[in-house]
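Here's the structure we're looking at; comments come further down.
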Amino acid sequence: MLEEIAARGKPTITVPEAPVSELGVHDDVVGTGSEVEPHATVTVHYVGVGQETGKQFDASWDRGQPISFSLDGVIPGWGQGLVGMLEGGRRTLVIPAHLAYGARPPTPAILANETLVFVVDLVSID
């Protein structure tokens, strides 16, 4: 799957004009592999952009390798938004602040109470 995802390359992100109040999930590319279950551990490539600033604050693509994590150890928008995704797919998550970092973001690159937009490529379910 990683070769297929690498061939697609780093995605560009379309940011909504206004903050959102509910989690938005859109499959840009439907995968062909196994389906993510709740509490799974996954390996992904991703790009994250703040809705208000329109600026990228993080991207595994820029580090040159995907990252692995448990859905139980990430922000709720990821934990909920990746469930049901198929390996090899690309999904856009538009995450309201209350399912992201709320008033306490981990970096100054993310504003307090900012909607976040991620494009996530699912490399594998571990």
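The values are calculated or read from the model by the stated rules, or taken from the named source; none is laboratory data. It should be emphasised that the depicted structure is a prediction, and the values quoted were computed from it without experimental measurement. Positions of Cβ are generated from backbone atoms using ideal geometry, with glycine treated the same way; all protein chains shown enter the neighbour counts. Surface areas here come from the heavy atoms of the whole protein model, side chains and all, with no ligands, DNA or RNA. Shrake-Rupley method; radii C 1.70, N 1.55, O 1.52, S 1.80 Å.
What the table below lists for this structure:
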| item | result |
| --- | --- |
| Which of 24, 122, 110, positive extreme of dipole for the chain (C-beta unit charges) | 110 |
| Region 1-45 - charge dipole about Cα centre, Lys and Arg +1 at Cβ, Asp and Glu -1, debye rounded to 20 | 200 debye |
| Of 47, 30, 94, the one that fluctuates the most in a GNM where the chain has Cα springs shorter than 10 Å | 30 |
| In Å², nearest 10: area of residue 13 left accessible to a 1.4 Å probe | 40 Å² |
| Whole-percent carbon and sulfur share, accessible surface of region 1-120, 1.4 Å | 50 percent |
| Region 1-48: Cα Rg divided by the 2.2 N^0.38 Å rule of thumb | 1.39 |
| Å² per residue, accessible surface of the chain at 1.4 Å | 51 Å² |
| Compactness of region 75-126 as Cα Rg over 2.2 N^0.38 Å, two decimals | 1.22 |
| Gained length - residue 30 relative to residue 72, 0.36 nm times residue gap less alpha-carbon distance | 12.8 nm |
| The chain: relative contact order in percent, alpha carbon pairs under 8 Å with at least 6 residues between | 37 percent |
| Over the chain, equivalent-ellipsoid semi-axes from the Cα gyration tensor in Å | 22, 15, 13 |
